[in-house]
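The values are calculated or read from the model by the stated rules, or taken from the named source; none is laboratory data. No experiment lies behind these values; they were computed from the predicted model shown. Cβ: placed from backbone, ideal geometry, glycine included. Neighbour counts: every protein chain shown. What goes into the accessible areas is simple: the full protein's heavy atoms, side chains included, and nothing from ligands, DNA or RNA. Shrake-Rupley method; radii C 1.70, N 1.55, O 1.52, S 1.80 Å.
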Amino acid sequence: MAIVRKLTPDLQPAYLDFFDRLAFQDNPEWSGCYCNCFYADRCQKPWKDWTAAENRAAVAGLIQHRKMWGYLAFSGNQAVGWCGAGPKGAIPIFSGGLQDEDEHIGAITCFVVAPQFRRQGIARQLLRGALQDFSAMGLSIAEGNPRPSAETDAQSHFGPVSLFYSEGFEFHMDDPSDGSVIVRKRL
């Protein structure tokens, strides 16, 4: 069983170590993301042009300034999983199309679990930690964006749809732009 901790500046070394060494062992083409894809300034340049070094440095700064949201799962002192999640309005990728109701929504953006720790309930623990924290923050809705057609662990990085449904989320709407669905849970 893992211990879930909210990302804070003191956990920056563990976060970076996780993404440097463990996160994408079986999916190296994504190793340069560092979960900056939800925070990168696309006005500065397109996401595809951000380098791994730029993403790592950007994320380090975001963590130090408490502008990156999420939860780390630890086995002992080693981070073994990550769930990007926070208030929807605080995650830049959503800022362009926010609705009034979005100020009450906690967004679950992604899951990354080290290959050797998968299928042990860590993603579920991360999701439950995020939901508990969302409630403590006064958010009233949790929202995920899984891909029902995902066939691999990598394709399920937005979270397996079955995980969301088993934790009480319900279908909200289809996202025809990428074949995903929006699922929500009242907190």
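For the Cα trace of segment 40-187, dividing Rg by the Kirkwood Rh returns an Rg/Rh value of 0.95. Among beta bridges from DSSP that stay inside the chain, the antiparallel ones total about 90%. Dipole of the chain computed with +1 at Lys/Arg Cβ and -1 at Asp/Glu Cβ about the Cα centre; of ILE105, PHE94, PRO46, farthest Cα towards the positive end is ILE105. Each Lys or Arg adds one and each Asp or Glu takes one away; over the other residues whose Cβ falls under 14 Å from the Cβ of MET1, this sums to +4. Using a Gaussian network model on the chain with a 10 Å cutoff between Cα atoms, which of GLN116, GLN12, GLN125 fluctuates the most? For the chain, modelled as a Gaussian network with Cα springs under 10 Å, the answer is GLN116.
May I ask for the distance between the Cα centers of segment 40-70 and segment 110-187, given as a whole number of Å? Using only Cα atoms, the two centres lie 23 Å from each other.
Classify segment 76-137 as rounded, prolate or oblate from the Cα gyration tensor: take a ≥ b ≥ c as the square roots of its eigenvalues, call it rounded if a/c is under 1.5, otherwise prolate when a/b beats b/c and oblate if not. Prolate shape, in that a/c is at least 1.5 and a/b is the bigger ratio. Counting only protein heavy atoms and a 1.4 Å probe, segment 70-187 has 47 square angstrom of accessible area per residue. Loop-located trypsin sites (Lys or Arg not before Pro) in segment 38-81 (DSSP state other than H, G, I, E, B) with a sparse environment of at most 16 neighbouring Cβ atoms within 10 Å: ARG42, ARG66, LYS67. Which of rounded, prolate, oblate describes segment 3-97, given a ≥ b ≥ c as roots of the alpha-carbon gyration tensor eigenvalues and a/c under 1.5 marking rounded, otherwise prolate only if a/b is larger than b/c? Verdict is oblate for segment 3-97. Comparing mean-square fluctuations of GLU170, GLU151, GLU143 from a GNM of the chain with C-alpha springs under 10 Å, the top value falls on GLU151. Applying the Karplus relation 6.51 cos²θ - 1.76 cosθ + 1.60 with θ = phi - 60° to segment 119-124 yields 3J(HN,Hα) values of 6, 10, x, 5, 4, 4 Hz, where x marks Gly and Pro.
Surface composition of segment 105-162: carbon and sulfur make up 49 percent of the accessible area, probe 1.4 Å.
When the P(r) of segment 145-187 is calculated, the portion above 12 Å amounts to 54% of the C-alpha pairs.
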